[in-house]
């Protein structure tokens, strides 16, 4: 096995373990009978455990894995933020926003995104340690592109929530 | 990246579907 294949396998395993942990956590803390909308968390969890690693495994589908992995992180961020707004802490203080909302969960979710990003970048741009980072920040596949999509999709979701009752 | 690829049909279709999906998600998801 080459070092490249080994590192790729480690990153794929990291995605699967983290996604499995997230799915089990959802099943434990939010039973589907109490909150039906939690089914979104179950579906995205299963997609992260099975579909994302499969897409990441082949050169032809690598980009689809990268986009799906990022979009699942965006869906999770938006929905968990919505959950926190619906279950806002009794007193709004700095400590309560940090510890009593889903902010810690959202931060953990983004590690799955960054593992996927590392996997994609290593596969696409190679493992050459001297190769400089290239490309415009706000264009695909760079971080600004994800920020634009996170903000844009949050706005669309919020509009759907406020306008379509 | 080819600039003109941004204006192909697939790009618009994909964004239309994504916007419709997230708009629907905003309507359908309830946490109360």
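Bear in mind these aren't lab numbers, they're just calculated from the coordinates by the rules spelled out. All values derive from a computational prediction rather than experimental measurement. Neighbour counts run over all protein chains shown; Cβ positions are idealised from the backbone, glycine included.
The table for this structure:
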item: Pick from region A:89-132, criterion more than 22 Å from residue A:65 (Cβ to Cβ) and surrounded by 13 or more Cβ atoms within 10 Å (Cβ to Cβ), ranking: nearest to the other protein chains (Cβ to nearest Cβ); result: A:102
item: Residue selected from region A:133-147 under the condition surrounded by 14 or more Cβ atoms within 10 Å (Cβ to Cβ) and under 22 Å from residue B:23 (Cα atoms), by the criterion nearest to the other protein chains (Cβ to nearest Cβ); result: A:145
item: Some residue of region A:33-54 being more than 14 Å from the chain's Cα centre (by Cα), more than 20 Å from residue B:31 (Cβ to Cβ) and surrounded by fewer than 18 Cβ atoms within 10 Å (Cβ to Cβ); result: yes
item: Subset of region A:87-122 [part of a helix (DSSP H, G or I) and over 19 Å from the mean Cα position of the chain (by Cα)]; result: A:94, A:95, A:96, A:97, A:98, A:99
item: Any hit, region A:119-132, residues being in contact (Cβ under 8 Å) with a residue 40 or more places away in the chain and within 25 Å of residue A:26 (Cα to Cα); result: no
item: Residues within region A:64-76 that are within 16 Å of residue A:151 (Cβ to Cβ), more than 12 Å from every other protein chain (Cβ to nearest Cβ) and touching a residue at least 60 places away in the same chain (Cβ under 8 Å), tallied; result: 1
item: Residue A:84 being closer than 24 Å to residue B:18 by Cα and either in a helix (DSSP H, G or I) or away from every other protein chain (no Cβ under 14 Å) (or both); result: yes
